[in-house]
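Everything on this sheet refers to the single structure shown next.
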Amino acid sequence: GEGVGGGGGTLLEWEGQQIGEVFAYGMPLEQMDGAQYTLRRMPVVVLAIAAIICVILGGSFGTALVPLRAVVCITWMLVVAIGASVMVYQLGYLEFLGLEALAPAGGSLFWISPSVALAVLVGLGLDYDIFLMDSVMENWQEGKDGREAVIAALDQAGTIISAAGIIMFLAFGALLASTTPVLNQIGFMLCIGVLIDCFITTKLTIPALMACVPDAANFWPKKRPPPPTAGDIEERGSVSARGSVPCLRRSLTSSARDLLGNSGTAPPSLRNTGGRS
């Protein structure tokens, strides 16, 4: 027999004679359509995400290199996470461990696993990147050069980023306890991505890249604010002093009111002594 594509199904022919038509329905076909639709548009989604990252980070930090570096670091993290998943779930590199969560399932990755991991890891990668770069920019604006600003930022925010990464690793690791292969694959990708971003990208890759690039390029076109002059410092001090006088006056007035009471007259102990203690 021979199948020929017809209007709504597949025509069956035998020796040149049409003998029927076959229609296929069901959940597997809908899943295949969804997979083809998603994977066909994945390049457009990736380009759109890269453009959004550049716009958000460029507008937030006012530099050209920070968003480009973020796109490169996040792309590298995604490639390693998905590549490690292929090695484990498609090629069976960890099958010798005998763990069901790391066993190959069907000889390939489920189509939805990279899609979900992409969305979550991009968000986490941006979160940690912005947290670190915000501290770097703050130290740079205080007068430190690029290398000193990165070192100070790691000293201030490195522990917090590591703690947040460990928490997310434990949360995503719970997916490996599932008996559903697709959840195992998603959890494995997320765990690998979080570890890479917290302990390699933020601790090694970003500092190394910023140390290899001159400050003028790291923060271009943003300019460092001028250091405060002696006049600015004196003006701030005088403003602070002037602002403290009303507060002191209000505090003394409040204390006197509490001492005299609501009636406004001195208590008997003070009236008898003429106000002397």
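Take the conditions (1) modelled with pLDDT under 90; (2) touching a Gly at 6+ places or on another chain (Cβ under 7 Å); L175 misses just one of them, which is (1).
Inspect the stretch 122-143 for any residue being exposed (fewer than 13 other Cβ atoms within 10 Å of the Cβ) and either at pLDDT 90 or above or more than 19 Å from S85 (Cβ to Cβ) (or both) and give the result as yes or no. Working first, answer last.
Of the stretch 122-143, the ones exposed (fewer than 13 other Cβ atoms within 10 Å of the Cβ) are 123, 143.
After this cut, where a residue has to be either at pLDDT 90 or above or more than 19 Å from S85 (Cβ to Cβ) (or both) as well, the list is 123, 143.
Yes, because at least one residue in the stretch 122-143 is exposed (fewer than 13 other Cβ atoms within 10 Å of the Cβ) and either at pLDDT 90 or above or more than 19 Å from S85 (Cβ to Cβ) (or both).
I need the full set of residues from the stretch 46-80 which are closer than 16 Å to K223 by Cα, in a helix (DSSP H, G or I) and of a type outside the set (A, V, I, L, M, F, W, C), in order please. Give the steps one after another, and end with the answer.
To start, the set of residues in the stretch 46-80 that are closer than 16 Å to K223 by Cα comprises 58-66.
With in a helix (DSSP H, G or I) added as a condition, the list becomes 58-61, 65-66.
Of everything in the stretch 46-80, those that are closer than 16 Å to K223 by Cα, in a helix (DSSP H, G or I) and of a type outside the set (A, V, I, L, M, F, W, C) turn out to be G58, G59, S60.
Within the stretch 10-41, being modelled with pLDDT under 75, assigned to a helix (DSSP H, G or I) and surrounded by fewer than 10 Cβ atoms within 10 Å (Cβ to Cβ) holds for M27, P28. Scanning the stretch 57-74 for residues that are touching a residue at least 24 places away in the same chain (Cβ under 8 Å) and not small (G, A, S) yields L57, F61, T63, L65, V66, R69, C73, I74. A Cβ distance below 9 Å, combined with a sequence gap of six or more or placement on separate chains, defines the contacts here; from the stretch 200-224, residues that are closer than 14 Å to D129 by Cβ reach residues that are of a type in the set (K, R) and part of a helix (DSSP H, G or I) in the pairs T205/R69; I206/R69; P207/R147; L209/R69; M210/R69; M210/R147. Of all residue pairs spaced 6 or more apart or on separate chains, those with beta-carbon atoms under 9 Å, a first member in the stretch 83-109 that is outside any helix (DSSP H, G or I) and a second member that is surrounded by fewer than 12 Cβ atoms within 10 Å (Cβ to Cβ) and not hydrophobic (A, V, I, L, M, F, W, C) are G92/G107.
The values are calculated or read from the model by the stated rules, or taken from the named source; none is laboratory data. Only a predicted model underlies this, so the values are computations on that prediction, with no experimental measurement involved. Here Cβ is always computed from backbone atoms with ideal geometry, including for glycine, and neighbour counts include all displayed protein chains.
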